[in-house]
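One structure below.
The values are calculated or read from the model by the stated rules, or taken from the named source; none is laboratory data. Treat the numbers as computed from the prediction; the structure is a model and nothing was measured. Neighbour counts run over all protein chains shown; Cβ positions are idealised from the backbone, glycine included.
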Amino acid sequence: MSSQVKQNTVQALEGIHEVHMVPHSPFQLEEGPQCGYTHSSTYREDNQRLLMQLWQQRPACFRPIHCCIQGDRNFVETIANVLTSLPFIALGINAPRKNLNTKLYANSLIGVGVASSLYHSSRGELRKYLRWADYTMIATATVCLSNALRNENPKLLMAATALFLPVQPLMVSAVHTGLMEVIICSHVVLPV
């Protein structure tokens, strides 16, 4: 890509909220010192270096969510975002609690409201951790709802959910939302 095209792309994306251009490709492999034994390097240091290289090259599905730490554009936007989080708490308090799965779903709705309120009212370095908590809580609520709609989910699905929930909550939400749609459509087409 020519430098003129790169410059135009950067200028076109500069005004978009929470979009940050990085100066290098995240997929570029940087050459580091070779793993050779010298009088100053030890086996343990080489293993740590190799582990760090593997960690930096992990697939995108195992990378955490990136977030800017500036927050909302103004105070009114913050207030609006916090106010739109409060209905989740009200829904969770008033949700039916017939069995364990429905109790878990009701409590997860309360968690979504609390996590979202905390995230939208935060600033600084704490914001990126609260964004992760917000997204993870949303994914947890979708898992709880799919369990409430269907008593038995496959064990492999639940193991994959537990593995990916901390690192890819949006993917977990998408999978469980799709499952809920299938369950609801099967009840509509084939009434029980």
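Some points to look at:
- Residue that is nearest to Trp132 (Cα to Cα), among those in segment 54-97 that are modelled with pLDDT of 90 or more and in a loop (DSSP other than H, G, I, E, B): Ala95
- Any chance Ser146 is part of a helix (DSSP H, G or I) and farther than 21 Å from Ser85 by Cβ: yes
- Per the conditions (1) under 16 Å from the mean Cα position of the chain (by Cα); (2) buried (at least 21 other Cβ atoms within 10 Å of the Cβ); (3) not basic (Lys, Arg), the sole criterion not satisfied by Tyr105 is (1).
- From Thr142, Thr177, residue being buried (at least 20 other Cβ atoms within 10 Å of the Cβ) and within 18 Å of the chain's Cα centre (by Cα): Thr142
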